[in-house]
Amino acid sequence: MRFVIAIVLFLVAFVSIGYGLAQRTILAGPSSFSTSVTTSTDAPIMLVSGATLHSFEGTQGLIVSGGSKVFIADGRTADVLAWVGTTAYNRVSFNAKKQALTSKLVPGSESTAPSPVGSDLWDQEYSSTSELIRRVNVPDTATVIIMSDGTKAAPSHLTVTWPLDNSAPWSGLLIIAGIGALLLGLFAFLWALIHARRRRGPRRKQPRPPRNPKPPQLKRGRTGTQPAIAAPTKGRRRNFVATGVLVTATLALTGCTAFGPAGGASPLATPSSSSTVPGAANLQAVAVTEPQLKHIVAQVVQTVTLADAKSDATLAATRLTGPALLLRSANYAIRAADNTIAALPSLPNGEVKISLPQQSDTWPRTVFAVIKDPADTKSAPIALMLVQKSPRENYKVEYLMSLELNVPDVAPPEIGAPILPNENKLGILPPSALAAAYGSILIEGDASKQNAIFSATGDKLRTAVGFDFKQKQKAALPTTATIAYSNAPGTGATVAFGTNDSGQIVAVNLDDTEAVRPTEAGAAVNPTASVKALSGKSSSIKGITATYGLQLLFYVPPVSKTDAKIQLLGFAQGLVSAGEVP
């Protein structure tokens, strides 16, 4: 019986280990599924939607070839289509019935497109020559764009590879169970051997009893010896039956296991359905995603830093616009004439602390951001107001200001906020009236009618260029000259975002101008170093005018807070133009 148990265990071990190894070798299905498509048209763009790339589960492998240059990028589908515009493109999709990629030409009025390299609409981008191999895992809401350089046809050949689950989760358990059965079989076999040896070992001889008298012997018949008694076979039959049942059951279970990848995955599986985010349909799209903004800010910092090092206004114009560009360009010109004059503070290569994108799926788009270098504890955070005028243009900084006070709580970057109308009455003063109202305080001081609704706490700009400063300037002039001050809203756009407490953060542009004129015939005006460098005039008998551009960021409380005041959160100011009085 013990030998039978050992044999059964050996059989179980053989079947279990063999089938476990077979699941990982000869019975394992393919590890991936690939399909290719070759476009037959010369469109400069190829688009592959996220839904197409998610026809099967797992990270997708892309192989793109068929062109001298290969460019791949991905972005939100709406953004990609907006960038493509009216340019013809090839749309690649997946045919579930044929289990293959297909391509269809979408005609357009344009046969070329600008270079896609470096667009702010891309989440990721890759470039190569001849062939590009990448692994991607874009969401269903994204689209992959494939191009050459915009003027040539897009690469014509695309291969997409999906991983298939050919793992054998029961293989390890079967092998372990088989090893366990093998060890038990060895133990049972040794046990049987020891037991057999003990039964056949030496025995003590018993003394022979005296022989009984022999009974009279009977005569044997001629028929021969008596027939041998047959050995019982009942127990052995039971053992063989048990062994057969166990082997049959094992083979039956083996036959019920499906061949191929675990879980029934196969190249001919039905494409998976697109995943959805609960509640996403109820949210309006934001101008940029948080990863996009981090990339955009990094590009802005890199470009402006390089432009500062070269004093290159043309390079700065690729990432700056409006008041921010005007101030920096003027500083470059001033330093070109007199390098002893201080440069403007550089942009910190820091983290994005606040991200407030506009809720918009059209253009132009605006984003408010605050950046801060965590390693620099002395410098103030920098507030940026970025604007993208069209899909094929990059974001440019229109306002670049140093923060003096904390920004009130705003909506999270996933939700964003709409741009509020300049004439809205939600705050204690409309955004369109802020520049003129604050300008009157800088000239008139406490005598201004608007002074009561503005807070002076933390307002360093009043000290720098306000009423008291201007009075000191007047007092320092000789009797042969006079100075006059004026200001007016600048050319920069007024931008207002709502805050969580129903207030607003508003960026405005104010031009603060001073004009110095001689009061006596033959007298001349000698400008300051910065004005002299920018105007090119060392003296003038007509007089000199200088305009200082002020970039201002305000917090405007809601009308419900009757005791609250408008606060100046941050600012930037500097000379932007100078010349002789006409």
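Numbers at a glance
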{"item": "Any strands (runs of 3 or more DSSP E) falling wholly within the range 444-531 and containing at least 2 residues that are more than 23 Å from Thr562 (Cβ to Cβ) and touching a Ser or Thr at 6+ places or on another chain (Cβ under 6 Å)", "result": "481-489, 504-518"}
{"item": "One residue from Val516, Val508 being buried (at least 20 other Cβ atoms within 10 Å of the Cβ), over 52 Å from the mean Cα position of the chain (by Cα) and either on the phi < 0 side of the Ramachandran plot or modelled with pLDDT of 95 or more (or both)", "result": "Val516"}
{"item": "Residue list for the range 356-377, filter: hydroxyl-bearing (Ser, Thr, Tyr) and farther than 19 Å from Met401 by Cβ", "result": "Ser360, Thr362, Thr377"}
{"item": "Residue in the range 385-404 that is farther than 30 Å from Trp83 by Cα, in a helix (DSSP H, G or I) and open to solvent by 30 Å² or more (accessible area, probe 1.4 Å) present", "result": "no"}
{"item": "Flag if Leu477 is farther than 24 Å from Leu293 by Cα, among the aliphatic types (A, V, I, L, M) and at pLDDT below 95", "result": "yes"}
{"item": "Among (1) under 24 Å from the mean Cα position of the chain (by Cα); (2) open to solvent by less than 40 Å² (accessible area, probe 1.4 Å) - the single one Ala100 does not satisfy", "result": "(1)"}
{"item": "Scan of the range 362-412 for residues that are among the polar types (S, T, N, Q) and either within 24 Å of the chain's Cα centre (by Cα) or at pLDDT 95 or above (or both), ordered by number", "result": "Thr362, Thr366, Gln388, Ser390, Asn394, Ser402, Asn406"}
{"item": "One residue from Ser93, Ser127, Ser109 being over 24 Å from Asp361 (Cβ atoms), open to solvent by 10 Å² or more (accessible area, probe 1.4 Å) and hydroxyl-bearing (Ser, Thr, Tyr)", "result": "Ser127"}
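The values are calculated or read from the model by the stated rules, or taken from the named source; none is laboratory data. All figures in this text were calculated on a predicted structure; none of them were measured in a lab. Methodologically, a virtual Cβ is constructed for each residue, glycine included, from the backbone with ideal geometry; neighbour enumeration extends over all protein chains shown. Accessible surface areas use protein heavy atoms only, side chains included; no ligands, DNA or RNA. Shrake-Rupley method; radii C 1.70, N 1.55, O 1.52, S 1.80 Å.
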